[in-house]
Amino acid sequence: MPLHLTNMQVLDQTFYVRSTLTVARELLGKVFFRKYEGALLSGRIVEVEAYHEEGDEAAHSYNGRRPRNEVMFREGGRLYVYFTYGMHFCMNVVTEEEGVGAAVLIRGIEPLEGIDTMRELRGHPRREHDLTNGPAKICQAFGIARAENGLPLDGAVLGIANAPAIPATHVMTSSRIGISRSRVLPWRMYVEDSPWVSRARPAHP
DNA sequence: CAGTCGATGTACT
DNA sequence: GTACATCGACTGG
């Protein structure tokens, strides 16, 4: 195991089994990592969106527990991966207690380690920020697909390491991207001026 | 830079 | 049928 992993403090389940909006806010600045074919891929989280079964029509969990969204209802501290638009995967961090359908979508990551591997997995994009400035790009760069749905964030294969929090003055809030339902909810959070955020200015603040 | 549009599988009305 | 928590190619300025 690489030395930097042994020195990392991997966030444990108590971090995830809390209010989804709190977890979403605190995920900004933390380091997501994934072991991929002997390589370590990692990056700093800079953009997230919260989803919750209560009062949020856009959440996959809104209409109850089903095979597709089953992982969203499990105890916090694992990955919820879904397939969308016929060709893309997106990954969420599951939050709260068993039985509550809630999760945080990871939308923007600043790559730190394993960047050459990410470039290959992404097909060598011309612009550096196209590596991971979007939820489906992140899954491609980190090699995340159906097989990773439900995996625990315990550091065995993947996890999130502690890192300094982003100061409130640099955290921006907006409505979520790419959805029409529950547009009024300001449940998207991102680091101001980060080139790794999917959209610098939301269409509907 | 911004805007438009096709690709392509799955869940749901 | 229709919508979809998206992306990349393409256009025009």
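Only helices enter the 222 nm calculation for chain A: every DSSP H run of n ≥ 4 contributes -39,500 (n - 2.57), and dividing by all residues gives -3500 deg cm²/dmol, rounded to 500.
Between amide H atoms placed 1.01 Å from N, distances below 5 Å from A:ARG107 occur with A:GLU47, A:VAL48, A:GLU49, all of them 5 or more places distant or on a separate chain.
Accessible area per residue for chain A is 48 Å², calculated with a 1.4 Å probe on protein heavy atoms, without ligands, DNA or RNA. With each label modelled as a point 7 angstrom along the Cα→C-beta vector, the A:ALA163-A:ARG66 pair spans 3.5 nm.
Run the accessible area of the stretch A:1-107 with a 1.4 Å probe and give the carbon-and-sulfur part as a rounded percent.
Values: 2280 of 4640 Å².
Whole-percent figure for carbon plus sulfur exposure: 49.
Computed 3J(HN,Hα) for the stretch A:137-151, one whole-Hz value per residue from the Karplus formula 6.51 cos²θ - 1.76 cosθ + 1.60 where θ = phi - 60°, is 5, 4, 4, 5, 5, 9, x, 10, 8, 4, 4, 8, 5, x, 5, glycine and proline marked x.
Per residue, the convex hull spanned by the Cα atoms of chain A measures out at 117 cubic angstrom. Here is the result for the stretch A:1-74: no chymotrypsin sites (Phe, Trp or Tyr not before Pro) lie in DSSP coil with at most 13 other C-beta atoms within 10 angstrom of their C-beta. Between the stretch A:161-177 and the stretch A:26-73, how far is it from one alpha carbon centroid to the other, in angstrom? Measuring centre to centre over Cα atoms gives 16 Å. Springs between Cα atoms under 10 Å define the GNM used for chain A, and in it the highest mean-square fluctuation of A:ALA156, A:ALA145, A:ALA59 occurs at A:ALA156.
Subtracting the Cα-Cα distance of A:ILE115 and A:ARG146 from their residue separation scaled by 0.36 nm leaves 8.9 nm. Considering only the other residues whose Cβ falls under 10 Å of the Cβ of A:TYR190, what net charge follows from Lys and Arg at +1 and Asp and Glu at -1? Charge balance near A:TYR190 sits at -1. Within the shell of other residues whose beta carbon sits under 10 angstrom from the beta carbon of A:ARG122, the net charge comes to 0, with Lys and Arg scored +1 and Asp and Glu -1. Counting only other residues whose beta carbon sits under 10 Å from that of A:GLU49, what net charge do I get with K and R as +1, D and E as -1? Here the count lands on +2.
When +1 charges are put on Lys and Arg Cβ atoms and -1 charges on Asp and Glu Cβ atoms, the dipole computed for chain A relative to its Cα centre reaches about 580 debye. Couplings for the stretch A:184-189, taken from phi via the Karplus curve 6.51 cos²θ - 1.76 cosθ + 1.60 with θ = phi - 60°, read 5, 6, x, 9, 9, 9 Hz in order; Gly and Pro are left as x. With contacts taken as Cα pairs under 8 Å and at least 6 residues apart, chain A reaches a relative contact order of 27 percent.
The values are calculated or read from the model by the stated rules, or taken from the named source; none is laboratory data. Everything numeric here is computed off the predicted structure, so don't read it as measured data. Backbone-built Cβ (ideal geometry, glycine too); neighbour counts: all protein chains shown. Each accessible area value is taken on the protein alone, full model and side chains, heavy atoms only, with ligands, DNA and RNA left out. Shrake-Rupley method; radii C 1.70, N 1.55, O 1.52, S 1.80 Å.
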